[in-house]
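I have placed the structure first, in the form of structure tokens, so that the comments after it can refer back to it.
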Amino acid sequence: MNFIQTVKLTEYKPSAVLSPVARRRQKLAFKVEEQIKLALDSTYRPTKIVWSRSADGTEHKVEQPKRIKQWWVEAADGTVQLTVRYGSKPLELAKGKSAIALNSKAEVEGTLRNLQHAVHGGELDAILEQQIGFRLSITK
């Protein structure tokens, strides 16, 4: 019996283009995942491939670490403030409040995981829409 007869065949339909809301959700979820990795390992540095020119003028690809900014700040008393950023701006999670207060740095990873579930569940879509809508109205 050959391989083609053993598998179920179907017509190929390429996936539709992601909606703007789904794209924003995916982007934010990826950034939250990077923050989780950074919380677990402070030496974590994602890399990117860039073109570099050597002394003799030839171009070649080089892998270099990406700059990543952690979203939390630890105060002197041990408390932590965690912001959620979309791009370079912190999201306003409630009216006038853009940070999550935590008791210690040990809570950062768990809070980020819960945040990631909220992003995948679409809980932050309205906040993202508001932030993006505000930004678009300024540029127009």
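Worth a mention:
- Alpha-carbon centroid distance for the pair segment 1-78 / segment 90-118, whole angstrom: 22
- Close Lys-Lys pairs in segment 53-140, where close means Cα under 28 Å and separation is 8 or more or interchain: 14
- Longest segment of the chain lacking GluC sites (Glu not before Pro) that sit in a DSSP loop with at most 16 other Cβ atoms within 10 Å: 12-91
- Remark: spin-label model distance residue 23-residue 94 equals 3.3 nm, labels positioned 7 Å along the Cα→Cβ axis.
- Spacing of the modelled spin labels on residue 109 and residue 61, each 7 Å from Cα toward Cβ, amounts to 3.2 nm.
- The share of accessible area on the chain that comes from carbon and sulfur is 54 percent, using a 1.4 angstrom probe.
- Distance (nanometres) between label positions extended 7 Å along Cα→Cβ at residue 41 and residue 132: 3.1
- Averaged over its residues, the chain has an accessible area of 75 Å² per residue, based on protein heavy atoms and a 1.4 Å probe.
- Helix-only mean residue ellipticity at 222 nm for the chain, each DSSP H run of n ≥ 4 adding -39500 (n - 2.57), per residue, nearest 500: -12500 deg cm²/dmol
- Rel. contact order, % - alpha carbon contacts under 8 angstrom, at least six apart, segment 1-121: 22
- Multiplying the residue separation of residue 81 and residue 117 by 0.36 nm and subtracting their alpha-carbon distance yields 11.0 nm.
- Shape category assigned to segment 1-131 from the gyration tensor of Cα positions, a/c cut at 1.5: oblate
The values are calculated or read from the model by the stated rules, or taken from the named source; none is laboratory data. Keep in mind that what you see is a predicted model, and the values were worked out from it rather than measured. Ideal geometry is used to build each Cβ from the backbone, glycine not excepted, and the neighbour counts take in all protein chains shown. To get the accessible areas, we keep the full protein, side chains included, count just its heavy atoms, and leave off ligands, DNA and RNA. Shrake-Rupley method; radii C 1.70, N 1.55, O 1.52, S 1.80 Å.
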